[in-house]
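Asks: The following block contains the structure, expressed as structure tokens.
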Amino acid sequence: EWCGPCSAFSPVLENVAEAYEGEFDVFKVDIDQSPEIPAMFGVRSVPTTIFIKAGEEPATAFGAMSPDSMERAIADLFG
């Protein structure tokens, strides 16, 4: 709740979750409530987006992403 860029990015994630429902999962993590998750992935700043595809190394994007940037990342990773 304290992260302005995270709040601004939230609708982008919600739109992605809706558009790709059933194809992959989208999770938002409150780093104050679940600090072990960002620690597990080495997150140093928020917002950070981590794309995880089975059998591959996670891809990470730092900062809020525009809807176009998010779509490009999804196409590149999950095409």
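Asks: Probe radius 1.4 Å, ligands and nucleic acids ignored: give me the carbon and sulfur share of the accessible area of the chain as a rounded percent.
Replies: The value for the chain is 52 percent carbon and sulfur by accessible area.
Asks: Okay, next question. Which FRET efficiency value, to the nearest 0.05, is calculated for A54 and W2 with the Förster distance at 35 angstrom and r the Cβ-Cβ distance?
Replies: The calculated FRET efficiency here is 0.60.
Asks: Still on this structure, please answer the following. Might you tell me the accessible area per residue for the stretch 1-70, computed with a 1.4 Å probe and given in Å²?
Replies: On a per-residue basis, the stretch 1-70 sits at 72 Å².
Asks: With +1 on each Lys and Arg Cβ and -1 on each Asp and Glu Cβ, and nothing else charged, work out how big the dipole of the chain is about its Cα centre, in Debye to the nearest 20.
Replies: For this selection, approximately 260 debye.
Asks: Which FRET efficiency, nearest 0.05, do D32 and F78 yield, Cβ-Cβ r, R0 35 Å?
Replies: That gives a FRET efficiency of 0.75.
The values are calculated or read from the model by the stated rules, or taken from the named source; none is laboratory data. Just so you know, these numbers come straight off a predicted model, no measurement behind them. We place every Cβ from the backbone using ideal geometry, glycine too, and count neighbours over all the protein chains shown. For accessibility, only protein heavy atoms count, side chains too; no ligands or nucleic acids. Shrake-Rupley method; radii C 1.70, N 1.55, O 1.52, S 1.80 Å.
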